[in-house]
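Each remark here refers to the structure printed beneath this line.
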């Protein structure tokens with residue numbers, strides 16, 4: 001969080017930050033699709049099954065073959081990101097085209113941030129393995145290295161870059177390498193440091209690929225929603241992308257601490273229960289996650305919504321981030337706060353399906369949510385501009401979590 005406060009102080013909210021946040025968002029979206037999203041949902045349950053039933057040697061072969069396959073795919077995707085940067089910016093932020101300087105800067109930044117896709121996706125692979133072995137602190141510490149790189153770039157590298165915002169692109173590139181290097185010794189310690197080898201006959205690898213298809217489609221639905229939001233925001237006044245980013249970052253503080261942390265713990269634990277046919281413990285874990293979410297998320301949502309302006313003034317209003325930026329960001333934060341509980345609940349409820357290797361149900365629910373969210377975008381943007389985009393995301397998350405809960409109860413997976 002300190003990194004965003006510093007970025008706001010040094011760079012404020014304007015053309016340059018809009019360009020960077022779009023250039024950084026695209027690799028992040030692909031990372032979520034390839035690694036933290038589709039890959040984790042497909043890999044963790046199968047990896048847990050191998051660990052519990054197949055023995056260490058077969059588990060190590062699965063890790064080697066799957067990691068090699070993913071690395072090859074990521075290498076190609078990274079090259080496409082570098083070469084086709086102008087096309088990607090045109091698709092994701094068409095409103096930038098009318099400002100040649102803004103468009104060209106975004107393209108330049110994207111070419112520096114694209115390699116982050118490769119490194120951070122492999123970081124997520126390592127995290128999935130380490131979390132399954134209950135070494136949660138290692139993946140949890142890795143993002144701190146990204147923050148350190150951002151802070152170093154903003155404080156010490158920016159004065160030497162032209163334009164100064166390029167320092168953040170360099171920080172992203174270096175952070176990907178550093179985070180991956182940090183986790184490798186811990187993989188070696190559990191004898192699961194991947195080596196480059198590939199086998200077309202690996203049955204487990206093909207199971208992961210088969211699961212990744214619908215999983216990637218499901219994850220891409222939520223990412224498509226974010227891309228469409230960026231498209232809408234690119235046509236609004238300069239600073240709109242940045243205001244949404246800063247509001248999102250403040251909202252991510254409780255969302256990340258609760259939703260991401262609980263989801264990370266629940267998926268391998270639920271997968272183990274499913275592998276052991278322990279339905280009672282499976283339901284108990286879900287119940288624990290839901291009760292904890294409501295107990296902690298409701299006060300957080302109320303605090304963000306009711307105290308948006310004082311919170312943003314305290315954390316961000318200094319340097320290049322002025323009072324108008326606080327006001328505009330607070331409007332987006334209020335919109336996000338409406339859906340904070342829904343956003344966290346999705347991260348608790350979805351693993352209830354993924355751990356059972358049921359990815360199709362969340363995909364279908366995601367499609368309904370995407371359509372509803374974009375309908376709300378069209379309704380709200382003319383009324384409350386960028387704040388409408390945040391509100392539609394929040395309401396869409398509430399709808400998503402409500403439908404997920406309904407199907408968990410209907411199928412008997414969750415019994416409170």
One residue from 70, 62 being assigned by TED's automatic domain parsing to the domain that holds residue 200, in contact (Cβ under 8 Å) with a residue 12 or more places away in the chain and within 29 Å of residue 111 (Cα to Cα): 70
So for segment 369-380 (the condition being touching a residue at least 24 places away in the same chain (Cβ under 8 Å) and under 25 Å from residue 211 (Cα atoms)), does at least one residue qualify? yes
Looking at 96, 75, 112, which one is touching a residue at least 24 places away in the same chain (Cβ under 8 Å) and closer than 21 Å to residue 209 by Cα? 75
Exactly one condition in (1) part of a helix (DSSP H, G or I); (2) modelled with pLDDT under 90; (3) closer than 29 Å to residue 287 by Cβ is false for residue 382; which is it? (3)
Considering only segment 374-390, I want to know if a residue exists there that is within 17 Å of the chain's Cα centre (by Cα) and buried (at least 19 other Cβ atoms within 10 Å of the Cβ). yes
Here is a list: 370, 395, 345. Which entry is surrounded by 24 or more Cβ atoms within 10 Å (Cβ to Cβ), in contact with a helix residue (DSSP H, G or I) (Cβ under 8 Å, 6 or more places away or on another chain) and either in the same structural domain as residue 281 (by TED's automatic domain parsing) or closer than 18 Å to residue 229 by Cα (or both)? 345
Filtered residues of segment 309-322 (kept if over 23 Å from the mean Cα position of the chain (by Cα) and either modelled with pLDDT of 90 or more or part of a loop (DSSP other than H, G, I, E, B) (or both)): 309, 310, 311, 313, 317, 318, 319, 320, 321, 322
Is one or more of the residues making up segment 55-73 more than 19 Å from the chain's Cα centre (by Cα), on the phi < 0 side of the Ramachandran plot and not in a helix (DSSP H, G or I)? no
Quick test for you: out of 293, 329, pick the one residue that is over 30 Å from residue 22 (Cα atoms), at pLDDT 85 or above and touching a helix residue (DSSP H, G or I) at 6+ places or on another chain (Cβ under 6 Å). 293
What helices (runs of 4 or more DSSP H) completely inside segment 170-280 contain at least 2 residues that are touching a residue at least 40 places away in the same chain (Cβ under 8 Å), in the same structural domain as residue 95 (by TED's automatic domain parsing) and under 24 Å from the mean Cα position of the chain (by Cα)? 203-234
Among the residues of segment 130-146, how many are within 12 Å of residue 265 (Cα to Cα) and part of a helix (DSSP H, G or I)? 6
Only unsatisfied item for residue 299, checking (1) assigned to a helix (DSSP H, G or I); (2) modelled with pLDDT under 90, is (2)
Scanning segment 159-169 residue by residue, those part of a helix (DSSP H, G or I) and crowded, with 21+ Cβ neighbours inside 10 Å turn out to be 167, 168, 169
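The values are calculated or read from the model by the stated rules, or taken from the named source; none is laboratory data. Given the structure is predicted, the values throughout are model-derived calculations rather than measurements. Neighbour counts run over all protein chains shown; Cβ positions are idealised from the backbone, glycine included.
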